[in-house]
1. Which ranges mark the helices (runs of 4 or more DSSP H) fully within segment 1-111 that have 1 or more residues being without any contact (Cβ under 8 Å) to a residue 60 or more places away in the chain and more than 16 Å from the ligand (Cβ to nearest atom)?
2. Which number in (1) modelled with pLDDT of 95 or more; (2) within 15 Å of the chain's Cα centre (by Cα) marks the one condition that Val85 misses?
3. Hey, could you check segment 215-250 for residues that are of a type in the set (Lys, Arg) and in a helix (DSSP H, G or I) and say which is surrounded by the most Cβ atoms within 10 Å (Cβ to Cβ)?
4. If I filter segment 177-193 for residues that are surrounded by fewer than 21 Cβ atoms within 10 Å (Cβ to Cβ) and within 16 Å of the ligand (Cβ to nearest atom), do I get at least one hit?
5. Quick test of your reading of the structure: Val157 fulfils all but one of (1) more than 14 Å from the ligand (Cβ to nearest atom); (2) within 18 Å of Thr50 (Cα to Cα). Name the failing condition by number.
6. Got at least one residue in segment 159-171 being β-branched (Val, Ile, Thr), more than 17 Å from Leu87 (Cβ to Cβ) and surrounded by fewer than 16 Cβ atoms within 10 Å (Cβ to Cβ)?
7. Looking at Val157, Val165, which is the one that is under 23 Å from Val197 (Cα atoms), touching a residue at least 12 places away in the same chain (Cβ under 8 Å) and not in a loop (DSSP other than H, G, I, E, B)?
8. Just wondering, is there one or more residues in segment 60-67 that are under 30 Å from Asp195 (Cβ atoms), small (Gly, Ala, Ser) and at pLDDT 95 or above?
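The values are calculated or read from the model by the stated rules, or taken from the named source; none is laboratory data. Note that the structure is a prediction, hence the values are computed from the model and not measured. Quick reminder, even Gly has a Cβ in these numbers, built from the backbone with ideal geometry, and neighbours come from all protein chains shown.
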Amino acid sequence: MPAVALRGLAKRFDEKIAVDGISLDVPVGSFFGLVGPNGAGKTTTLSMATGLLRPDFGTAHILGVDMWQDPLHAKKLLGTLPDGVRLFDRLSGEQLITYAGLLRGMDRVTVAERAKDLLAALDLTADAGNLVVDYSAGMTKKIALASALVHAPRVLVLDEPFEAVDPVSSANITDILKGFVASGGTVIISSHVMDLVQRLCDHVAIVAGGRLLAAGTVEQVRGGMSLEERFMSLVGGRHEGEGLSWLRHS
Ligand SMILES: Nc1ncnc2c1ncn2[C@@H]1O[C@H](COP(=O)(O)OP(=O)(O)OP(=O)(O)O)[C@@H](O)[C@H]1O
């Protein structure tokens, strides 16, 4: 059974078809990269897969549980880092993780232990008592990630987890996610950074214009090229010639 199984997912916003029938299996224990150009439909797809946005068509199953028929059960299996969703940022970092744990039905003692561990692992201990509204973009990303991890989910769906995060914290997050996958967990990340996806992920899907262009192991999709070259050749869109001549000073 796949960790995440998407079948014919589709979403339209007025005239704009954001996702146009995406079907995808994410194997259990995989580190899965979802890549695509700006506006490809990645966030919309992940939102439908994680119960944030109701699909117009299609289904999403998490470890065999239908996200839209049985959302409570499906969401118990999931940890999510959504893109652009507001946090309760008038809480301190520590309070936000605690809130996430209590919301998941965990007891206070366990939540307190795990919050301490997560704050240390994500280099946030010194800022644990500060309000999230005063965090930098990278710190906000890390506290949202901590909130997604606190209940030890089986499947993690992370929209751009490394965006705005410094190299030391990125390496620490990488270690956490690799350990999670090594122990049988499944991670899905969306990213624009092909080098990172090639280095980190064992499976990848390329989407553009709301459609799936390629999916499989990173080796299969790369087909002997770098992932970046393969991405460029599938997606296209490089501008030829001399644009913006007025911007050149000589
Ligand atoms: N709530 C919305 N209302 C109208 N259009 C939307 C909405 N959400 C997304 N879209 C449109 O759907 C398309 C897909 O957007 P989406 O955010 O899923 O892309 P993405 O692949 O995550 O892009 P990026 O890499 O830039 O984050 C875009 O054309 C976007 O303008």
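1. Fully inside segment 1-111 and qualifying: 71-76, 93-103.
2. Unmet for Val85, out of (1) modelled with pLDDT of 95 or more; (2) within 15 Å of the chain's Cα centre (by Cα): (1).
3. Arg230
4. Checking segment 177-193: at least one residue is surrounded by fewer than 21 Cβ atoms within 10 Å (Cβ to Cβ) and within 16 Å of the ligand (Cβ to nearest atom).
5. Status for Val157: all satisfied but (1).
6. Yes; the residues of segment 159-171 include at least one that is β-branched (Val, Ile, Thr), more than 17 Å from Leu87 (Cβ to Cβ) and surrounded by fewer than 16 Cβ atoms within 10 Å (Cβ to Cβ).
7. Exactly one residue qualifies, and that residue is Val157.
8. Checked against the condition, which is being under 30 Å from Asp195 (Cβ atoms), small (Gly, Ala, Ser) and at pLDDT 95 or above, segment 60-67 yields at least one hit.
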